[in-house]
Amino acid sequence: MIDLSIFNYDFMQNAIIAGTFAAILAGAVGYFVIIRNLSFAAHALGHIGFAGASGALLIALSPITGQFIFTVFAAIGMGALGERISKSDMIIGIVLSFCLGLGSLFLHLYNGYAGQATIILFGNLLGVSSHDLHIMFWLMILSLLSLTLIAKRLLFASLEPELAEAKGISLVWLSIFFMIIMAIAVTLASQVVGVILVFTLVIGPAAIAVQWTHHFWSGICLSMLLAIFIVWIGISLSYVTDWPISFWISALVFAIYLLTSLKNIQFFRVSNSDK
Amino acid sequence: MIQSENNVIITENLSIGFNHHPIVSNINLTIHKGEFIGILGPNGSGKSTFFKALLGFIKPLSGKILILGSTPQHGHSHIGYMPQMRSQMSIANLTARSILEASCKGSCYGLPLPSKSKNLEIEKVLELVKAIDYADRSFRQLSGGERQRIYLAQALLDSPEILLLDEPLSNLDPNIQEIFINLLADIQNNLNVTILFTAHDPNPLLRVMNRVLFFARGKAVIGSVNEIITSATLSSLYETKIEVIHLNQRLYVIGDGQNILGEVAHHHD
């Protein structure tokens, strides 16, 4: 028998809904993160959000608000680098580690519940309130609509920046606009897996999807479906085993990525022996 | 300036460069509809800079440009451009056709939805460059020559009147270069499009180009191959002794004992 008791608890229902919101957005945004080579920037935005989330505790704001404000400002800064961002690993690395340091200072100054650090770092999907759900829902809708508005330009500019510029697209403004959407996706994803593991949800499904697909639509749809699937299975496994959701999600991404890589190695061998 | 339908590019006392520092000065030329112009010159002589000025990426330091009757501006839909350098090959493992779909009307807003007119347009350019056979293969698995054809197809989207092709022959084997040039000549006959084509070596272009635009030492000269690629013209342009040698229907431009045009291409990656 399938154990359906998982749906009997409010906090489980909220967790599944919040996880789905985050997965839909992470899958869609992640696809563009991959084709724009922005994986490291996405990872960095998660860590930068740590300072925002812990700083918010100090001034009695909700962590998600503080994280949102911090990541959006960081996103604007990174976006302004334009095409140079792929060569800016050092500066991004220094800023992200400073933000982690800042976060540890804020937590030191904040004398409340010490478990907050773990919650911010590794997520607390089971603690999502109805109020948080509302915020997450509207953030998701807003980002998806914004992404819809610029999707065509963004795809063109991501694949062919030189041509896009020649056709009159401002790469810097487009980059800033997309980075803000990415900041929102990262903020939502970190509610599920925490700032440390943002990478797994924003990059993982999309990184797997681009290896299985050769078209834009099949790629982005597979990325979103995988993200949702991974989050649902992750929550269920966590419910059954009582191990953390973050663990299961990152383990699932790892396992599927591993299988995908094996497929590619296999394919490579076959195509080599053809020659 | 003489404006007419037939004069697609006109420059007058044009000086181009970066940060107030001119790379080429005093360019005066008129390019007619349907011409094939080979743009030659050593590295850094201003070939790509000239394209940047025509595309509106940089403003003239002085003088004027008229392209299709107006000053250059970003996003001119009747100019097809094939850049020399691609900053990176995307990680997305897309087919050649998917890349063309993304490029077709790529500066519009909204979702990149497929449409009948778009498919027809893509089919048309794929036929022009004779790339139907491998359009649905992964772009990453294509050979250098096949990729150049897809890039050419990309430049031909939205029916351009002018094609700016920046070093399309670099890194191609000689026989592939010839196939590419023949293809381009066919396309030009079909579409009566004006082609500006930069290259290091004049030889692959000898049969197809109508005129040569030669950049060197901050100057530009334009004329037929027989007028420009001569010992006298190039010596006065380079301000040093240059010899043009005809050998087996090929041209060798020798200065300081070295072939100053053909050889460079192989070092240029």
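Structure above, values below:
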{"item": "Average accessible area per residue (Å²) across chain A - probe 1.4 Å, nucleic acids and ligands excluded", "result": "45"}
{"item": "Spherically averaged projected area in nm², based on the convex hull that wraps the Cα atoms of chain B", "result": "15.2"}
{"item": "For segment B:140-146, 3J(HN,Hα) per residue [Karplus equation, 6.51 cos²θ - 1.76 cosθ + 1.60, θ = phi - 60°, Hz, x = Gly/Pro]", "result": "5, 8, 7, 6, x, x, 5"}
{"item": "Above-threshold pairs, the threshold being 26 Å between Cα atoms, out of B:64/B:118; B:33/B:59; A:263/B:116; B:59/B:118; A:263/B:118", "result": "B:64/B:118; A:263/B:116; B:59/B:118; A:263/B:118"}
{"item": "Inter-centroid distance (Cα atoms) of segment A:1-77 relative to segment A:194-228, Å", "result": "15"}
{"item": "Kirkwood Rh, Cα atoms: Rg over Rh of segment A:4-274", "result": "0.98"}
{"item": "Gyration tensor (alpha-carbon) shape descriptor, segment B:6-83, a/c threshold 1.5", "result": "rounded"}
{"item": "Amide H contacts of residue B:36 (H built 1.01 Å from N, under 5 Å, at least 5 apart or other chain)", "result": "B:195, B:210, B:211"}
{"item": "Among A:161-174, B:216-229, the order from most to least packed when residues are scored by Cβ within 10 Å on average", "result": "A:161-174, B:216-229"}
{"item": "Backbone HN-Hα couplings from phi across segment A:234-245 [Karplus 6.51/-1.76/1.60, Hz, Gly and Pro as x]", "result": "x, 5, 5, 5, 5, 5, 6, 9, 6, 7, x, 4"}
{"item": "Accessible carbon and sulfur surface of segment A:42-156 relative to its total accessible area, %, 1.4 Å", "result": "74"}
{"item": "Percent accessible area from carbon and sulfur atoms, chain B, protein chains only, probe 1.4 Å", "result": "49"}
{"item": "Accessible area buried between chains A and B, both sides summed, probe 1.4 Å, in Å² to nearest 100", "result": "3200"}
{"item": "Residue-averaged beta-carbon neighbours from other chains (10 angstrom radius) around B:100-110", "result": "6"}
{"item": "Of all accessible heavy-atom area on segment A:163-221, the percent that carbon and sulfur account for (1.4 Å)", "result": "76"}
{"item": "All aspartates and glutamates inside 13 Å of residue B:130 as judged from Cα atoms, apart from same-chain residues fewer than 8 positions distant", "result": "B:146, B:186"}
{"item": "Sequence-distant residues sharing a close amide H with residue A:124 (under 5 Å, placed H)", "result": "A:194"}
{"item": "Distant-in-sequence amide H partners of residue B:260 (H built 1.01 Å from N, under 5 Å)", "result": "B:253, B:254, B:255"}
{"item": "Semi-axis lengths (Å, descending) of the ellipsoid that matches the C-alpha gyration tensor of the protein assembly as shown", "result": "54, 25, 20"}
{"item": "List of segment A:216-233 residues, accessible area with partners at least 50 Å² below that of the chain alone (1.4 Å probe)", "result": "A:217"}
{"item": "Rounded accessible area per residue of chain B, 1.4 Å, Å²", "result": "46"}
{"item": "Residues of segment A:15-53 buried by at least 50 Å² on assembly (accessible area, 1.4 Å probe, chain alone as reference)", "result": "A:37"}
{"item": "Segment A:145-171-segment B:22-61 distance, computed between alpha-carbon centres (Å)", "result": "26"}
{"item": "With Cα atoms, 0 to 90° folded angle of helix B:174-191 axis to chain B main axis", "result": "70"}
{"item": "Relative contact order [Cα under 8 Å, 6+ residues apart], segment A:4-274, whole percent", "result": "32"}
{"item": "Percent of beta bridges antiparallel (DSSP, the protein assembly as shown, rounded to nearest 5)", "result": "65"}
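The values are calculated or read from the model by the stated rules, or taken from the named source; none is laboratory data. Please read all numbers here as calculations on a predicted model, not as lab measurements. Here the Cβ is made from the backbone with ideal geometry for all residues, glycine too, and neighbour counts use every protein chain on show. Keep in mind that these areas ignore ligands, DNA and RNA; they rest on the heavy atoms of the full protein, side chains included. Shrake-Rupley method; radii C 1.70, N 1.55, O 1.52, S 1.80 Å.
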